[in-house]
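Okay, structure first, notes after.
No lab work stands behind these numbers, since they all come straight from the coordinates. Predicted model only: the values in this text are computed from it and were never measured. Reconstructed Cβ throughout: ideal geometry from the backbone, glycine too, with neighbour counts over all protein chains shown.
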Amino acid sequence: MGVSNFRIFVAVSVFCSLLFGVNLWQAKPPQQTTIVSASNPVPQLEAELVPPAKALARSATVNVKVHGVRLVEPSHLGDGGNGTTEKQAYLSYRIDDGPGIATAATYLSFHNLPSGDHRITVTLVGTHLIPLISHGVKVAIP
């Protein structure tokens, strides 16, 4: 299997996992050794609802903070071009069992949500479409 075929296989696998409701944020990370240093920081992800009162308007806005990687749009992932080995990643937002929204945006709103409890999962996705870390927030719509 060629390199481009393998990338297509991985991309289709991740897309199908997100589409059919597999919770990637619960998956075990690959077994590998990571050396943590100033030049190789561990990626960190924080997500919070802002402001929580938007639930009354049947909306939810998530604000995300990421450390240890440089966020890029998914279409530019791996475009190092400048010779650096800087870690790159993008964010994938997902509400309940819906499709993932892949972007570098750290602020995203969901509107016209139905009444009930919802979970918004934000996943930091690295090169080769590997989920690095996830964080979920809950919102209750009256």
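What the table shows:
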{"quantity": "Approximate spin-label separation HIS128-SER115, in nm, with each point projected 7 Å along Cα-to-Cβ", "calculated": "4.8 nm"}
{"quantity": "Length-normalised contact order of the stretch 59-142 in % [C-alpha pairs under 8 Å, at least 6 apart]", "calculated": "31 percent"}
{"quantity": "Point-to-point label distance, LEU71-GLU48, nm (Cα→Cβ direction, 7 Å offset)", "calculated": "1.5 nm"}
{"quantity": "Spin-label pair THR103/ALA140, simplified geometry with 7 Å Cα→Cβ offset, distance in nm", "calculated": "2.8 nm"}
